[in-house]
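Chemist: Below you'll find the structure I mean.
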Amino acid sequence: MKRLIALVVLLAGGPMMAVAQSHDWEPDLTKQQTYTPHRASSTDPLGANADARRVAPGETYTVLDTDGPGTISHIWFTIADNEPFHLKRIVLRIYWDGETSPSVEAPIGDFFGLGLGEYYNWESELLSVGSDKGMNSFFPMPYAHHAKITVTNEGKTPIFSLYYNVDYRTYSHSLPSGTLYFHAQYRQAQPNRGWTTDFENNGTPSFNNKPNLDGKDNYVWMEAKGHGQFAGVTMSVVQNQDYWWGEGDDMFFIDGEDKPSIVGTGTEDYFLGAWDFGGHPFSYRLYGAPVVGDEKAGSRSSVYRFHLDQPIPFSKSFKATIEHGTANGRSDNFYSVAYWYQAEPHEAFPPLPPVDQRIPELQPVGGPGSNPGPLPPAPAAN
């Protein structure tokens, strides 16, 4: 029941028992809890059934604004918005302890693993989307002094109904020394720029045999300075070219390494599937591919992995990356959110791409099957 303690305080240096007393993700039901539970919600303040908020275009709505010390234990959203790809147009931000640079910044769909801008149901230990369009996070999010969550409508039409529940608890004592803070960062490449369009399949020798030992031109999931640990990633892909998109290796650079000390064997291997995922979607506790498309241009896929078994620690800096095809030869679209814990202050994130550039679109990149036409219908999800 204490399997997530390491995510928050692995590097704190204090006794594990002291940590467990105030930072269990799942509190021990056999022991009396002493925190004070709270909920911020969109409930009707008059006690009737108008339990939603309208958010105008350009408006930032504050979902939570509270003092600590405390921990956010659960976040739930559901949204009624008729604008296409509103999951890409609405931005979620979270700020800790009065900071001006958010520690969490992502299109709201991407944060909950919906990186294609469309709803589908999926389940994991930390994130899930339930029937129908219920988005949930169970990441533990401690804060010493203050927590603020906002939602910004960057679309052209109103969010007609924003429903939310944020469950959090406050303590009568300070957080343990060395407690790490939750972070999440959105990145995208639309498209990745591959080094070739001259390949017939993944086995083409000039394509398949090209080396990449230093991660040059890899797709970057996240970069951080300071100390902390990497917790996982969700990623979605739109193929701009035919054939299997997932021959890229994951590479992790710890504390300023020139060459990665952790290197994988292929994209589907990093996400703990195999053999192109067998062409079938799946979702498990720590890994999965809830959307799996065909191996052709226009296909879409979504994948995830969480490192609860062994978060990747860093002392000075960290960069998490993955190749886009063998040695970065392919030119597909990637959209991702990386999740990690670190000490504050954090380095400011790169600016979010403009809203219109976040909408998934096929790109005319050349190569097999390349066609800048409209996206075909989405595949069935798990």
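Chemist: Would you kindly compute the Cα radius of gyration of the stretch 252-382 and its largest Cα-Cα separation (Dmax), both in Å?
Modeler: Looking at the stretch 252-382, its Cα Rg and Dmax stand at 16.7, 46 Å.
Chemist: In square angstrom, what is the accessible area per residue of the chain with a 1.4 angstrom probe?
Modeler: 42
Chemist: Let me ask something else. For the chain, report the translational diffusion coefficient in µm²/s to the nearest whole number, using Stokes-Einstein at 4 °C, 1.567 mPa s, and a Kirkwood Rh over Cα pairs. Show your work: numbers first, answer last.
Modeler: Values: Rh = 21.4 Å.
Diffusion coefficient, whole number: 60 µm²/s.
Chemist: Which one, Leu175, Ser317, Gly194, projects farthest toward the positive side of the charge dipole computed for the chain from Cβ point charges (K/R +1, D/E -1)?
Modeler: Among Leu175, Ser317, Gly194, the one farthest towards the positive end of the dipole of the chain is Leu175.
Chemist: Continuing with the same structure: Please name whichever of Thr234, Phe334, His146 sits farthest to the positive end of the charge dipole of the chain, dipole taken about the Cα centre and charges placed at Cβ: Lys and Arg +1, Asp and Glu -1.
Modeler: About the Cα centre, the residue reaching furthest to the positive side is His146.
Chemist: Next question, about the same structure. Can you pull the semi-axes for the stretch 106-243, root of five times each eigenvalue of the Cα gyration tensor, sorted largest first, whole Å?
Modeler: 36, 23, 14
Chemist: Which entries in the list Lys259/Lys319; Lys88/Lys259; Lys259/Lys316 go over 23 Å, if you measure between the two C-alpha atoms of each?
Modeler: Violating the 23 Å limit, Cα to Cα: Lys88/Lys259.
Chemist: Over the chain, calculate the relative contact order: mean separation of alpha carbon pairs under 8 Å at least 6 apart, over the residue count, as a percent.
Modeler: Computed over the chain, the figure is 22 percent.
Chemist: Right, something else. Over the stretch 128-182, with every protein chain in place, what whole percent of the accessible area is carbon and sulfur at 1.4 Å, could you tell me? Before the final figure, lay out the partial values.
Modeler: On the way: 960 of 1990 Å².
With neighbouring chains kept in place, the figure for the stretch 128-182 is 48 percent.
Chemist: For the stretch 240-245, what does the Karplus curve 6.51 cos²θ - 1.76 cosθ + 1.60, with θ = phi - 60°, yield as ³J(HN,Hα) per residue in whole Hz, taken in order and with x for Gly and Pro?
Modeler: So the Karplus estimates, Gly and Pro as x, are 9, 9, 6, 6, 5, 8 Hz.
Chemist: Turning to a different aspect of this structure: Taking 0.36 nm per intervening residue step and subtracting the Cα-Cα distance, what contour gain separates His146 from Asp28 on full extension? Please list the in-between numbers first.
Modeler: Details: separation 118, 0.36 × 118 = 42.48 nm, distance 2.55 nm.
Result for the pair: 39.9 nm of gain on full extension.
Chemist: List the lysines whose Cα lies under 29 Å from the Cα of Lys31, skipping any in the same chain that are fewer than 8 positions away.
Modeler: Correct list for Lys31: Lys2.
Chemist: Give the relative contact order (percent, whole number) for the stretch 74-228; include only Cα pairs under 8 Å separated by 6+ residues.
Modeler: 28
Chemist: Amide H to amide H under 5 Å from Ser317: which residues, 5+ apart in sequence or cross-chain, H placed 1.01 Å off N in plane?
Modeler: Gly226, Asp255, Gly256
Chemist: Students often get this wrong: which residues of the stretch 284-324 have the backbone nitrogen under 18 Å from the point 7 angstrom along Cα-to-C-beta of Thr265?
Modeler: In the stretch 284-324, the label zone of Thr265 (backbone N under 18 Å from the point 7 Å along Cα→Cβ) covers 288, 323.
Chemist: Evaluate the relative contact order of the stretch 95-153 (contact order divided by residue number), counting alpha-carbon pairs under 8 angstrom at least 6 apart; express in whole percent.
Modeler: Numbers: 65 pairs, mean separation 19.9, N = 59.
This gives 34 percent for the stretch 95-153.
Chemist: Tell me the volume per residue, in Å³, of the convex hull enclosing the alpha carbons of the stretch 103-150.
Modeler: 84
Chemist: Here's a follow-up. Mind giving me the nanometre distance, one decimal, between the label points for Asn201 and Glu99, set 7 Å out from Cα along Cα→Cβ?
Modeler: 4.8
Chemist: Then there's this: What 222 nm value per residue comes from the helices of the chain, counting each DSSP H run with n ≥ 4 as -39,500 (n - 2.57) and dividing by all residues, nearest 500 deg cm²/dmol?
Modeler: On the way: 6 runs with 29 residues, N = 382.
That comes out to -1500 deg cm²/dmol.
Chemist: Would you list the P(r) distribution for the stretch 46-172, with all Cα-Cα distances sorted into 5 Å bins from 0 and each bin expressed as a whole %?
Modeler: The calculated distribution, bin by bin, is 2, 11, 20, 24, 20, 14, 7, 1, 0, 0.
Chemist: Mind checking the dipole of the chain: about its Cα centre, +1 per Lys or Arg Cβ, -1 per Asp or Glu Cβ, Debye to the nearest 20? Let's see the in-between values first.
Modeler: On the way: 27 positive and 44 negative charges, 115 e Å.
Computed charge dipole of the chain: roughly 560 debye.
The values are calculated or read from the model by the stated rules, or taken from the named source; none is laboratory data. For clarity, every value in this text was computed on a predicted model and none was experimentally measured. Using ideal geometry, Cβ is built from the backbone for each residue, glycine included, and neighbour counts are taken over all protein chains shown. Just so you know, the surface numbers come from the protein's heavy atoms only, side chains and all, with ligands and any DNA or RNA stripped out. Shrake-Rupley method; radii C 1.70, N 1.55, O 1.52, S 1.80 Å.
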